[in-house]
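A short worksheet on the structure shown next.
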């Protein structure tokens, strides 16, 4: 059997021949893949490519067909290599094409001066983020500017990249949008002069370098995939939409640190040896050394997770193996010299310190309120301080089966896992917790969002409250042999539940632990049942108070 080469094909309704090509399977996956940012050139349809050859001549059609075939194969090679970065010089050169096209189109008949003044105003509005669809999230200045530039110049940049058959990384596109804005501004000012009758040559016209001949990437000359770019692809992929912002921030910090240590390498060329050198250097650092556990559970885990994902998207990322898989970190469990939870005297000191904060001195949305109520809620729910610190007034309610607290990711990032509702212990009611909540405005109980200095700050306010409480509690308990005091409350809660005879399944449901068996993942825990169990906890035991003396002793 002899395979025939692709050849010009006939087209109904015209004598001109055409080029037709269906997409190979891997190219189709790239074009249709989630988050693909490649702008299809003219003639690139859903299933394949159809382009007119512009001639009915058989010889001319064959020559045109061969040229287009070569161009298409070059673009396929570019797609297979993945998005490429643009150097600063390449970015400025491409923006120069936009400048020259703008001048060529309007220099002969520029219209009136006001036209270009309005164009300049639009450019300034874009720079301040007033173009493009409004964002529902709090944006940084850079994000607002990027959205504005995309709204005003995005179509122009996409057309430019399409003509050049370029697929660039998001970071490079952002820089190109900014350079295009500067080039258009330069053009607007020149055309304003032209409209006023001034045809003096533009002294800055030659600042744009010549546009290079962009070629398809090859294994030896492919575009560099930085560590930051790899992380960005992982972060923005639809599969990460439910990954917590806290996890993303932690992973981003690790990738930035590795990139700095290795000298901003190509992420596809990082080896297990490179990452082993990194973790060893961090563990042996004289300032802020990593513990082996942090090196394994934070740094290696972040690298392994992102690189593991990248290998499943090798067609897009070019990452063939996970270098973190070969990193060895041995963690030797420390020998316990004391209980993990607070002892009775330690619990007593911390509860007394919380109760010493008078209700009148602890209005809602203040740190004193957190020192009193957040600490007590931890003692009587076993919850993590991060979850308690983000509680809102609407998360506490009184129901027919009793008062409840709802811990939900909707309130912030402190929730690890799904939302859960737990009963309020009678001791909290007795101390006035419900009255405190009732007097609070809608929103967070322990911090005031309006007092946020920077709306785009990376650390959530709830986390800042949790850190403040951790520092304060550490000073109150003053136990040098105890690590995280507030986590020790969680351990104590479990111990007190066992003293009270509360079954593990109820403890898990109240404290937010993962179910200990598959069976416990089915069904719900009625609130009346959880309240019944939680009421078994005796306040004196939880708070570490001495047992009352027996009568007659």
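Scanning region 208-226 for residues that are farther than 19 Å from residue 160 by Cα and either surrounded by fewer than 12 Cβ atoms within 10 Å (Cβ to Cβ) or at pLDDT 90 or above (or both) yields a count of 4. The residues listed here are 176, 161, 190; of these, the one that is under 23 Å from residue 237 (Cα atoms), surrounded by 21 or more Cβ atoms within 10 Å (Cβ to Cβ) and over 25 Å from the mean Cα position of the chain (by Cα) is 161. Total residues in region 291-313 satisfying the condition of being closer than 17 Å to residue 227 by Cβ and part of a helix (DSSP H, G or I): the figure is 14.
The residue that is nearest to residue 211 (Cα to Cα), counting only those in region 101-117 that are in a loop (DSSP other than H, G, I, E, B) and in contact (Cβ under 8 Å) with a residue 24 or more places away in the chain, is 107.
Given the condition in the same structural domain as residue 526 (by TED's automatic domain parsing) and at pLDDT 90 or above, answer yes or no: does some residue in region 475-485 qualify?
Yes - at least one qualifying residue is present in region 475-485.
From the residues in region 378-390 that are touching a strand residue (DSSP E or B) at 6+ places or on another chain (Cβ under 7 Å) and assigned to a helix (DSSP H, G or I), which one is nearest to residue 432 (Cα to Cα)? Going through the qualifying residues, I end up with 381. Of everything in region 418-433 that is under 36 Å from the mean Cα position of the chain (by Cα) and free of Cβ contacts under 8 Å to residues at least 60 places away in the same chain, the residue that is farthest from residue 515 (Cα to Cα) is 424. Taken over region 164-173, the criterion of being surrounded by 20 or more Cβ atoms within 10 Å (Cβ to Cβ) and either free of Cβ contacts under 8 Å to residues at least 40 places away in the same chain or part of a helix (DSSP H, G or I) (or both) is satisfied by 172, 173.
Determine, yes or no, whether residue 442 is touching a strand residue (DSSP E or B) at 6+ places or on another chain (Cβ under 9 Å) and buried (at least 20 other Cβ atoms within 10 Å of the Cβ). Answer is no for this residue.
If you check 177, 161, which single one turns out to be in a helix (DSSP H, G or I), closer than 30 Å to residue 77 by Cα, touching a strand residue (DSSP E or B) at 6+ places or on another chain (Cβ under 8 Å) and in the same structural domain as residue 130 (by TED's automatic domain parsing)?
From the options 177, 161, the qualifying one is 161.
Return the only residue of 330, 340, 313, 320 being surrounded by 17 or more Cβ atoms within 10 Å (Cβ to Cβ) and either touching a helix residue (DSSP H, G or I) at 6+ places or on another chain (Cβ under 7 Å) or closer than 26 Å to residue 251 by Cα (or both).
The match here is 313.
Answer with yes or no whether residue 150 is touching a residue at least 24 places away in the same chain (Cβ under 8 Å), within 19 Å of residue 87 (Cβ to Cβ) and surrounded by 14 or more Cβ atoms within 10 Å (Cβ to Cβ). In short, no.
Just one of the listed residues (390, 365) is assigned by TED's automatic domain parsing to the domain that holds residue 448 and surrounded by 24 or more Cβ atoms within 10 Å (Cβ to Cβ), namely 390.
Listed here are the residues, each with its yes/no results for (1) surrounded by 17 or more Cβ atoms within 10 Å (Cβ to Cβ); (2) touching a helix residue (DSSP H, G or I) at 6+ places or on another chain (Cβ under 7 Å); (3) at pLDDT 90 or above.
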position	(1), (2), (3)
230	yes, yes, yes
236	no, no, no
242	no, no, no
253	no, no, yes
269	no, no, no
286	no, no, no
289	no, yes, yes
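The values are calculated or read from the model by the stated rules, or taken from the named source; none is laboratory data. Since this is a predicted model, take the numbers as computed values, not measurements. No Cβ is skipped: glycine too gets one built from the backbone with ideal geometry, and neighbour counts run over all protein chains shown.
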